Each structure stands twice: as structure tokens, then as C-alpha cells.
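See structure below.
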Amino acid sequence: MIQTNIVMILLAFAALIMGMILFFYFSLLLSYMGFWTPDVWAPRFLSFVFAEFFTGALFPLDILSAPLYFVSQSLPFFYFIYFPLKVYLGQLSSLAIIQGFFVGLLWTVGLWGFARIVWTQGLRAYTAEGK
């Protein structure tokens, strides 16, 4: 379905930008594990497999049971793909869109703040190896 409502297209674009920022901070936080451990590949891989399940990339999240769908809406992964797609398709009410942006922005600010804290702590713990 091609969206013709310009407002929905703009809202979907804003939701997509928010999702990309959330994904960036999620990935950044996982990368910061390198301050404390030399192996970051395995935990990143496992977390991305878990995240892909809750992004809606594998299947539409609304086929989940009600409690599991509620949990998925509470996680930041919901706002990577599923929320922008639902906004674009026009399948959300105005209230659901406002609520989605509010929760997504809370996650964005929260991950940003947590990333700053982890970065500061990581710099204190950083040690280099080699010649």
C-alpha cells in the first residue's frame, strides 16, 4: 500500500528517524562492552537476534498474545521497525501515534543518558594491550 496522506508520510519519516537513533544508541551501548571484555561479537550477535524478534522484522508483532505484545511495546525494539511501519500504513489511531512517539522519545533520552554514563565509566576502566 502506498501512503498518499502527506501527514502520515511525515509522521512515518519522523518515527523512522527516531527508530534509527534508538538503534544507534542500542548498538553503541553494546559496543561499549569492549571496555570491560575483549569479546563483544557474541553478546552483540545474541542481542541482535533477540532484538530482531521484537522489531517486527520477522513477523507482525500484533499476532503475539496480548501480554507478549504489551511487553514488546514496552521495549525500544518496537520503535526500530514496527512502529514506523504501522504509522506509514495508517493503522494507528492519533492517540496511539502520540503515545508511541512519547514512549519512543523516552527510550531515546534514556538510552542517550545511559550511553553517556557507560562511556564515562568505560573510559575509567579502559586499558590497552599490545606494544
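Of all residues in region 39-87 being in contact (Cβ under 8 Å) with a residue 24 or more places away in the chain and outside any helix (DSSP H, G or I), which is nearest to G122 (Cα to Cα)?
Result: F80.
Given the conditions (1) surrounded by 18 or more Cβ atoms within 10 Å (Cβ to Cβ); (2) closer than 21 Å to I2 by Cα; (3) in contact (Cβ under 8 Å) with a residue 12 or more places away in the chain, and given that A14 satisfies all but one, which numbered condition is not satisfied?
With respect to (1) surrounded by 18 or more Cβ atoms within 10 Å (Cβ to Cβ); (2) closer than 21 Å to I2 by Cα; (3) in contact (Cβ under 8 Å) with a residue 12 or more places away in the chain, A14 is out only on (1).
Test each condition in (1) modelled with pLDDT under 90; (2) within 20 Å of M18 (Cα to Cα) for G130 and report the one that comes out false.
(2)
Could you check region 84-97 and list, in sequence order, the residues that are over 14 Å from A12 (Cβ atoms) and surrounded by 11 or more Cβ atoms within 10 Å (Cβ to Cβ)?
Selection gives nothing.
Which residues, counting only those in region 17-38, are touching a residue at least 24 places away in the same chain (Cβ under 8 Å) and either touching an Asp or Glu at 6+ places or on another chain (Cβ under 6 Å) or among the hydroxyl-bearing types (S, T, Y) (or both)?
The answer is Y25, Y32.
Return the residues of region 46-72 that are within 28 Å of T4 (Cα to Cα) and surrounded by fewer than 18 Cβ atoms within 10 Å (Cβ to Cβ); say none if nothing qualifies.
A57, L58, F59, P60, D62, I63
The values are calculated or read from the model by the stated rules, or taken from the named source; none is laboratory data. As the structure is a prediction and not an experimental result, all values here were calculated from the model. Because the Cβ atoms are built from the backbone with ideal geometry, glycine has one as well, and the counts that use them run over all protein chains shown.
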